[in-house]
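Notes to accompany the following structure.
The values are calculated or read from the model by the stated rules, or taken from the named source; none is laboratory data. Remember, it's a predicted structure, so these values are computed and weren't measured experimentally. Glycine gets a Cβ as well: all are built from the backbone with ideal geometry, and neighbour counts include every protein chain shown.
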């Protein structure tokens, strides 16, 4: 009768180390996802409309960059320091998110408006692309 070998203690340590690394990555991903603004991308024919949820932020708190197909939004949510915090689930701190658009856009012709916690971008597509 043959016995199957399932590995050594070193193999188990390596597997546990890999599992711990994956757990760490997932935790960081969840933490970062909490502060990233949710987005919606719509194709309007000659332009894209991108909407970001940015409640509590002012337009001057946000930075936008468009180059070719890349759209970057960055900003920072400042914590409220008034009073003693008893409980909070609010996301604070810096954030940055990059979206890759289906085609290149004309960043110089882009417009943005902030209304009721929604940042709405109008990004004309580059001609001839």
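Identify all residues within the range 33-50 that are in contact (Cβ under 8 Å) with a residue 24 or more places away in the chain and within 13 Å of the chain's Cα centre (by Cα); write none if there are none.
Selection gives 34, 35, 36, 37, 39.
Does residue 78 meet the test of being out of contact with any helix residue (DSSP H, G or I) (no Cβ under 7 Å at 6 or more places or on another chain), surrounded by fewer than 16 Cβ atoms within 10 Å (Cβ to Cβ) and farther than 14 Å from residue 38 by Cα?
Numbers: out of contact with any helix residue (DSSP H, G or I) (no Cβ under 7 Å at 6 or more places or on another chain): yes; surrounded by fewer than 16 Cβ atoms within 10 Å (Cβ to Cβ): yes; farther than 14 Å from residue 38 by Cα: yes.
So residue 78 fits the description; yes.
Identify the single condition in (1) modelled with pLDDT under 95; (2) in contact with a strand residue (DSSP E or B) (Cβ under 8 Å, 6 or more places away or on another chain); (3) exposed (fewer than 14 other Cβ atoms within 10 Å of the Cβ); (4) over 20 Å from residue 35 (Cβ atoms) that residue 49 does not satisfy, given that it satisfies every other one.
For residue 49, the failing item is (1).
Among the listed residues 120, 73, which satisfies the condition of being free of Cβ contacts under 8 Å to residues at least 60 places away in the same chain, under 14 Å from residue 38 (Cβ atoms) and part of a strand (DSSP E or B)?
On the way: 120 fails: free of Cβ contacts under 8 Å to residues at least 60 places away in the same chain.
Step by step, each of 120, 73 is checked, and only 73 is free of Cβ contacts under 8 Å to residues at least 60 places away in the same chain, under 14 Å from residue 38 (Cβ atoms) and part of a strand (DSSP E or B).
So in the range 95-112, with the set limited to residues that are part of a strand (DSSP E or B) and touching a residue at least 24 places away in the same chain (Cβ under 8 Å), which one is surrounded by the fewest Cβ atoms within 10 Å (Cβ to Cβ)?
The first filter runs over the range 95-112 and keeps only residues part of a strand (DSSP E or B), leaving 95-100, 105, 111-112.
Still in the list and also touching a residue at least 24 places away in the same chain (Cβ under 8 Å): 95-100, 105, 112.
Details: 95: 20, 96: 14, 97: 17, 98: 10, 99: 15, 100: 8, 105: 25, 112: 15.
In this case the residue turns out to be 100.
Please determine whether any residue of the range 66-73 is modelled with pLDDT under 95, in contact with a helix residue (DSSP H, G or I) (Cβ under 7 Å, 6 or more places away or on another chain) and farther than 18 Å from residue 102 by Cα.
no
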